[in-house]
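Novice: Just passing along the structure, written as C-alpha cells.
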Amino acid sequence: MISPIGTKLLTWYAQNARSLPWRGRSSPYAIWVSEIMLQQTRVETVIPYYLRWMERFPDIDRLANASEEEVLRYWEGLGYYARARNLWRAAQRLQTHFEGQLPQEFSALRSLPGIGNYTAAAIASIAFGQDRATLDGNIRRVLARLVASRIPLRTPQSDRELLLFAKTHLPPGKAGEYNQALMDLGAMICTPRQPQCDLCPLLADCRAAQLGIQSEIPLTKPKKLLPQYVVTAAVIIQKGKFLITQRPRHGLLGGMWEFPGGKCQDQESLESCLKREILEELNLHIDVGEPFGTYRHAYTHYRVTLHAFLCSIPNGDQPFPTEGQAFQWVERNQLSHFPMGKIDRQIADRIQTLETLCSSSMLTKT
C-alpha cells in the first residue's frame, strides 16, 4: 500500500517534473553520467556539459577507450575533476569485469570508482527500478522539514533518520519517480530560502510548516573559515612557445595542465616566490617580467589569489622537472587542446587574445 505522502508526491511529479536531458532515457549509462555530474553541481550548470559529453562519449565503450586527457578536457569547467577520472576508470573496469554493462546489483555498483551509497541507490532506482531510497541535498532538505529535524544535515544521525523516513514512504515499484519527485520538490518548491509552502503538495504533512519553522530548517554544521593562499604562476615564453606542466595524477586537479608556479611563503615577495618555485620544480632560472593579471578562485577547502607574470629563460635552458612531471612547449593556438583548471584557463584565454605577447618589451620590467 502506498503511503499518502508517496501518493501525493507521485501525483505532483507526474504534472510538474522538470524536463531534463537525462530523463526518459533507457540507458543506465546516461543516468550514471548525470548523477556523477550532479554531485555538488547545479542542474543548470550540468546540462550543457552533459549534452557535450554524451555527444562525444555516448556509451561506456567510447568512454573507456578515450584518453584520460580527453576526458578531462570535456569535463573542464565542472570542477571536482576526480569525478571525471573515476567515470573513466569505472568505464574501463566495466569493460574488463562486467562485459561493458553497468551492473544492476547495488553492491556491484558500489564497487565502482566514484560511486557511493547515494549514487548507487539513485542509479539502482532510476535506471533499474529497484526499491531504494536515497539522499541528495534537495531530498535531505525536504525530508528534514517534513519531520522538523533539529539535527544538522550530513551527519550520520541525520542521514539515518531521514533515510528511514524516506524508506517508510517509498511507493513499491516507483522508487525512481519517488526519488526524482523529492529532488524536484526541493529544487522548485522547498528551496533553501523562502520555500513556497503554499504550492507544496506535502504542506499538510510538513511538521516544520505546522510549527512555522520551515525557514529555520534544515540545520547545518557551521562552516569553517577557508584559509587564503597567495600563489604565483609563470607564463614562460621561448621562441614563441609557452611552457605548461602537468599536475600529478593524484590530488587536486590531478592530470590537468597549468602554468608552473606555487604558493608564497611567509614574508616572501611575489618575484622571489616565483623564481624559487620554478627552480625547485623545473631546475630553471627565470627572469620575471611584467605582471599578467591577478586571478581569484575558491576551492573546496581554501581560496587562492594567483599572480601571474610574463617570464623568460635568460640562457635558453630547458626544464628538467624534479618530480618527473610532464611538460610541453606549446604554441598559442594549442593551449585550448590541454585540460586546465579555471585559473589556468583564464590565463590561457588571455594569452590567445594578445597578439603582441611575445614582444621583448612585454617580457621585461619597465
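Read-outs: derived from the displayed coordinates by stated rules, not from any lab. Because the structure is a prediction, the values reported are computed rather than measured. So basically every Cβ, Gly included, is an ideal-geometry build from the backbone, and we count neighbours across all protein chains shown.
Novice: Taking the alpha-carbon distance from Lys174 and a cut-off under 23 Å, which lysines remain once sequence neighbours fewer than 8 residues away in the same chain are dropped?
Specialist: Candidates past the 8-residue exclusion: Lys8.
Novice: Which of the residue pairs Lys241/Lys263; Lys239/Lys275; Lys223/Lys342 have a Cα-Cα distance greater than 22 Å in the structure shown?
Specialist: Over 22 Å apart, Cα to Cα: Lys241/Lys263; Lys223/Lys342.
Novice: Another one. Compute the long axis of helix 43-56 from its Cα atoms, compare it with the longest principal axis of the Cα atoms of the chain, and write down the angle in degrees, 0 to 90, nearest 10.
Specialist: Compared with the principal axis, the helix lies near 70 degrees.
Novice: Looking at the stretch 228-363 only, what percent of DSSP beta bridges run antiparallel? Nearest 5 please.
Specialist: Taking every DSSP beta bridge with both residues in the stretch 228-363, the antiparallel ones total about 65 percent.
Novice: Read phi for every residue in the stretch 59-68 and hand back ³J(HN,Hα) as whole Hz from Karplus 6.51 cos²θ - 1.76 cosθ + 1.60, θ = phi - 60°, with x for Gly and Pro.
Specialist: 8, 4, 4, 5, 5, 4, 8, 7, 7, 4
Novice: At 222 nm, what helix-only mean residue ellipticity would the chain give, in deg cm²/dmol to the nearest 500, using -39500 (n - 2.57) for each DSSP H run of four or more?
Specialist: Taken over the chain, the calculation gives -12000 deg cm²/dmol.
Novice: Quick check: the distance between the Cα centres of the stretch 29-56 and the stretch 140-160, to the nearest angstrom?
Specialist: Taking the Cα centre of each part, the stretch 29-56 and the stretch 140-160 sit 27 Å apart.
Novice: 5 Å is the cut-off here: which amide hydrogens, built 1.01 Å from N in the peptide plane, fall below it relative to Cys264, excluding neighbours closer than 5 in sequence?
Specialist: So Cys264 has HN proximity to Val230, Val231, Thr232.
Novice: Counting every Cα pair in the chain, what percent are over 31 Å apart?
Specialist: Percentage above 31 Å: 48.
Novice: By how many nm would the segment from Glu331 to Lys167 lengthen if fully extended, with 0.36 nm per residue of separation less the alpha-carbon distance?
Specialist: Result for the pair: 53.4 nm of gain on full extension.
Novice: Report the label-to-label distance for Arg56 and Ser215 in nanometres (one decimal), using points 7 Å from each Cα along the Cα→Cβ vector.
Specialist: For the pair Arg56/Ser215, the computed spacing is 4.5 nm.
Novice: What nm value, rounded to one decimal, do you get for the distance between Gln40 and Gln104 when each label is placed 7 Å out toward the C-beta?
Specialist: Simple spin-label model gives 3.3 nm for this pair.
Novice: Next question, about the same structure. In terms of the Cα gyration tensor, with a ≥ b ≥ c the square roots of its eigenvalues, is the stretch 225-366 rounded because a/c is under 1.5, prolate because a/b exceeds b/c, or oblate?
Specialist: Verdict is rounded for the stretch 225-366.
Novice: Rounded to the nearest 0.05, what FRET efficiency is calculated for Arg296 and Lys263 with R0 set to 25 Å and r the Cβ-Cβ distance?
Specialist: 0.95
Novice: Can you compute 3J(HN,Hα) from phi for each residue in the stretch 94-103, using the Karplus curve 6.51 cos²θ - 1.76 cosθ + 1.60 with θ = phi - 60°, rounded to whole Hz and x for Gly and Pro?
Specialist: Once rounded to whole Hz, the list reads 5, 4, 8, 10, 10, 6, x, 10, 6, x.
Novice: Once fully extended, how much extra length lies between Ala187 and Lys241, figured as 0.36 nm per residue of separation less the alpha-carbon to alpha-carbon distance?
Specialist: Extra length available between Ala187 and Lys241 comes to 14.8 nm.
Novice: Now for a separate question. Run the Debye formula on the Cα coordinates of the stretch 148-265, all scatterers equal and no solvent, and tell me log10 I(q)/I(0) at q = 0.11, 0.20, 0.21 1/Å.
Specialist: For the requested q values the scattering log ratios are -0.65, -1.18, -1.28.
Novice: Still on this model: Quick one: go through the stretch 183-227 and flag any residue whose amide nitrogen is under 17 Å from the point 7 Å out along the Cα-to-Cβ line of Ser3.
Specialist: 183, 185-186, 201-210
Novice: Would you kindly derive the ³J(HN,Hα) couplings of the stretch 147-155 from the backbone phi angles with the Karplus curve 6.51 cos²θ - 1.76 cosθ + 1.60 (θ = phi - 60°), listing them in order in whole Hz, with x for Gly and Pro?
Specialist: The phi angles translate into 9, 6, 6, 9, 8, x, 5, 6, 10 Hz.
Novice: Same structure again: Roughly what % antiparallel, to the nearest 5, for the DSSP beta bridges in the chain?
Specialist: Of all bridge pairs located within the chain, approximately 65 percent are antiparallel.
Novice: Now a separate question. Quote the FRET efficiency, to the nearest 0.05, computed for Leu279 versus Asn315 with a Förster distance R0 of 22 Å and r equal to the Cβ-Cβ distance.
Specialist: After rounding, the FRET efficiency stands at 0.95.
Novice: Quick one: go through the stretch 142-175 and flag any residue whose amide nitrogen is under 20 Å from the point 7 Å out along the Cα-to-Cβ line of Cys197.
Specialist: Answer for the stretch 142-175: 142-153.
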